[in-house]
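Heads up: the structure comes next, in structure tokens.
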């Protein structure tokens, strides 16, 4: 992974190289803390050990014997987004779907759209009690039974050592993968949680982890020696100066889901105690024709993160006699998207708007491993510098308790706040 922070300097927010030099001492201290956490396998920090600790053999065994047309992953948030990032980018051989919401019309549409007799279902929940995941799984299980499909022959469970899903797997003899200890869901892409779908889609798991290991080896006590830390430290420094939004803009259609994964990682990990950056998602070159207007000419409170592969396939642009378009003849779509990327980068810089360039060699298993690990390490470093509890999510848990109370799942005081909602309706 390559990170260019040159355009983060000298813009409207006034960050300069000397500021990063001064921050680098704190980066060294943060790196020491991260390395201690990794060495001790502490909660959260253990996620940065996954390139070494993830055993792919059980994942492959669970995927063996299946040759499905469809993979239906039932999970939410970190239980789905890492897997989706990998398979959306590379999984061309299997139709991979993700039930990661409980909109009833959409769930019914997804379930009705696939041949359940040719589908593998992977239900993912560490606790085995996630209401959205278990509800969707019950819908899928009923649909399989109604279609005459033995769901027990086509279901793989990814869960913790106890809970409803573990008990169900034991009762029915289902293949069950263990969610690794000490790894929050949003940091679990490089584990059983994210890699089962990749295995079913016939991706090279070893290459994914090798790319991640490359980035792990590059973590160092200076932001100038580690791409991940360069990004984490720069985003933190800009946030402190007012960059309260981080707009992630990949210039590859295959990386659109990556931007969604990144948004969860960044928001849930760093949005604490009145601090953090709001992640926004854009897609190059599409959103140059819309969102770029705001990023270049709106409030100076944003960082734009531009992401792309250095190499990709290409398509030639045919010659044309259309007036004003002859210059495109003999060029290619690859050359066009490269020009669009560099023009956006320069446009932002010319307007004094900070932006960072992140590149991988290719959108392949190794490149995705580098990108996923690099952003996780950057997030952990940012959290250390900001002094927040990166690996907790109390606001998320509040909402879960409120919803559970409303559904009769227990006596939770958070539910009282829902029933006491202030109203001012306009009809």
Of 80, 237, 395, which is the most mobile in a GNM of the chain whose springs link Cα atoms less than 10 angstrom apart?
-> 395
Which whole-number percent gives the relative contact order of the chain, counting Cα pairs below 8 Å spaced six or more residues apart?
-> 23 percent
Treat each spin label as a single point 7 Å out from the Cα along the C-beta direction, and report the residue 161 to residue 336 distance in nm.
-> 5.6 nm
Go ahead and run the numbers for FRET between residue 108 and residue 217, Cβ-Cβ distance against an R0 of 41 Å, rounding to 0.05.
-> 0.30
Of all DSSP beta bridges located in the chain, what percent are antiparallel, nearest 5?
-> 10 percent
Per-residue ellipticity at 222 nm attributable to helices in the chain (runs of n ≥ 4 DSSP H, -39500 (n - 2.57) apiece, nearest 500 deg cm²/dmol) works out to -14500 deg cm²/dmol
Among 70, 289, which comes first, second and so on when ranked by fewest other beta-carbon atoms within 10 Å?
-> 289, 70
Report the FRET efficiency, 1/(1 + (r/R0)^6), for residue 310 and residue 16, where r is their Cβ-Cβ distance and R0 is 22 Å, rounded to 0.05.
-> 0.20
Using Cα centres only, tell me the gap between the range 49-84 and the range 106-122 in whole Å.
-> 18 Å
In degrees, nearest 10, range 0 to 90: what is the angle between the Cα axis of helix 365-386 and the longest Cα principal axis of the chain?
-> 80 degrees
Hypothetical label at residue 224: residues of the range 2-40 whose amide nitrogen lies under 12 Å (7 Å Cα-Cβ projection) | 17-25
Cα-based Rg and Dmax for the range 107-237, where Dmax is the largest Cα-Cα distance (Å) | 18.7, 59
Extension length gain for residue 42 and residue 290 (0.36 nm per residue less Cα distance), in nm, is 85.0 nm
For the range 307-391, state the average projected area of the convex hull of the C-alpha atoms over all orientations, rounded to one decimal in nm².
-> 8.3 nm²
For helix 17-39, what angle does its Cα long axis make with the longest principal axis of the chain, in degrees from 0 to 90 and rounded to 10?
-> 20 degrees
Starting from the coordinates of the alpha-carbon atoms of the range 249-381, obtain the Kirkwood hydrodynamic radius over all distinct pairs and give the value in Å to one decimal.
-> 16.4 Å
Picking from 136, 355, 164, which is most flexible by a Gaussian network model of the chain using Cα springs under 10 Å?
-> 164
Which order do 308, 33 fall in if you start with the one that has the fewest other Cβ atoms within 10 Å?
-> 33, 308
Cα centroid separation - the range 242-308 against the range 312-338, whole Å = 29 Å
Amide N of the range 270-311 lying under 19 Å from the label point, which is placed 7 angstrom from the Cα of residue 325 along Cα→Cβ | 285-286, 289
Quarter of the surface of the C-alpha convex hull for the range 157-212, i.e. direction-averaged projected area in nm², equals 4.4 nm²
Kirkwood hydrodynamic radius for the chain: how many Å is it when counted over pairs of different Cα atoms?
-> 23.0 Å
Rounded FRET efficiency, nearest 0.05, which uses the C-beta distance separating residue 67 from residue 210 and R0 of 30 Å | 0.70
Shape of the range 55-179 from its Cα gyration tensor (a ≥ b ≥ c, root eigenvalues): rounded if a/c is under 1.5, otherwise prolate when a/b > b/c, or oblate?
-> rounded
Checking 276, 324, 163 against a Gaussian network model of the chain (alpha-carbon springs below 10 Å), the top fluctuating residue turns out to be 324
Which of 141, 353 has the fewest Cβ neighbours within 10 Å, and the rest in rising order | 141, 353
Roughly what angle does helix 104-113 make with the longest principal axis of the chain, taking Cα atoms, 0 to 90 degrees, to the nearest 10?
-> 80 degrees
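The numbers here are math on the coordinates, done by the rules we state, and not lab data. Here the structure is a predicted model, which is why all the values come from computation and not from measurement. A quick note on method: Cβ atoms are made from the backbone with ideal geometry, for glycine too, and the neighbour counts reach across all protein chains shown.
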